[in-house]
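First comes the structure, then the notes that go with it.
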Amino acid sequence: MEKLPLDFYQSHDTLRLAQLLLGCELVHENLEGITAGVIVETEAYLTDDPACHAYRRQTTRNAAMFGPAGTLYVYQIYNHYNCINVVTGPEGVGEAVLIRALEPTEGIELMGFRRNDAFKTGFERYRNNTIDSSSANGQRNLCNGPGKLTIAMGIDRQKHNSSSLTTGELFIRGPVFHDFDMVTTTRIGLTRGADLPYRFYISGNRYISKK
DNA sequence: CGCGGGATTTGCT
DNA sequence: GCAAATCCCGCGG
């Protein structure tokens, strides 16, 4: 399956893209190797949605959200973690789809190294933590949350915020999962817009984030 | 220029 | 269940 083209991102609105991205594969190839995983959980953030970072106006932090569809928006949250979003909607309109969970498909060992490395270089109190990427439980733990998958995929805010998903070594392939049931529900961890049904995930998938 | 809140994750209670 | 991590940036004075 080929890299999804610019046209894919431009041809659908944000809510539709949040659903269409389920089953597609996020791929990152760099000097460390290739890592990839199927998108199994997303959330949509619309321009008229109080939970959206671009709800008020364009600022330094959210500038990438106002770029063309197919741009990557990476932001830092809670002092430590990064989350990745696929920018959607027309240029100048701040909308995006948060990728919340992946089912790992390629480079599973490398994902484990990156996660364990993050423990070592992160908080001292996490230094004894290890993920066993050869076990089913370990693999389930690699990318089942927005902060986790960003580490496992080797995505860096400085490097990848505002980068394009249609050129370069970080991109999305067309659907590799078909014929699944989709669950629509409310988004996670929000204080505003918490009642909007903008979260989507693949029914029964074992790699969904918690809650 | 300082204050505070945030689309999270983790280990310990 | 809860607090900690201790950053980035938007906002108010």
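The values are calculated or read from the model by the stated rules, or taken from the named source; none is laboratory data. Remember, predicted model here, so these are calculated numbers, not experimental data. Every residue, glycine as well, gets a Cβ built from its backbone with ideal geometry; the counts of neighbours run over all protein chains shown.
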Within the set of pairs 6 or more residues apart or between chains, which connect a residue that is farther than 17 Å from A:Y78 by Cα inside segment A:140-160 to a residue that is in a loop (DSSP other than H, G, I, E, B) and near DNA strand B (Cβ under 7 Å from one of its atoms) with Cβ atoms less than 6 Å apart?
A:N144/A:S209
Does A:E91 satisfy being charged (D, E, K, R), over 20 Å from A:R187 (Cβ atoms) and either within 14 Å of DNA strand B (Cβ to nearest atom) or surrounded by fewer than 18 Cβ atoms within 10 Å (Cβ to Cβ) (or both)?
yes
Looking at the structure I just gave you, is A:I151 crowded, with 21+ Cβ neighbours inside 10 Å, within 11 Å of DNA strand B (Cβ to nearest atom), under 12 Å from the mean Cα position of the chain (by Cα) and modelled with pLDDT under 95?
yes
Tally time: how many residues in segment A:48-60 are more than 9 Å from DNA strand B (Cβ to nearest atom) and either buried (at least 17 other Cβ atoms within 10 Å of the Cβ) or among the charged types (D, E, K, R) (or both)?
3
Only one residue in A:V40, A:V86 is away from DNA strand B (no atom under 12 Å from the Cβ), under 20 Å from A:M1 (Cβ atoms) and either at pLDDT 95 or above or within 15 Å of the chain's Cα centre (by Cα) (or both). Which one?
A:V40
Could you pull out every one of the strands (runs of 3 or more DSSP E) wholly within segment A:167-211 that has 3 or more residues that are within 15 Å of DNA strand B (Cβ to nearest atom) and either farther than 26 Å from A:E32 by Cα or in contact (Cβ under 8 Å) with a residue 60 or more places away in the chain (or both)?
A:199-202
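Restricting attention to segment A:138-147, which residues are surrounded by fewer than 22 Cβ atoms within 10 Å (Cβ to Cβ) and near DNA strand B (Cβ under 9 Å from one of its atoms)?
A:N141, A:G147
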Of A:T166, A:T191, the only residue that is surrounded by 11 or more Cβ atoms within 10 Å (Cβ to Cβ) and among the β-branched types (V, I, T) is A:T166
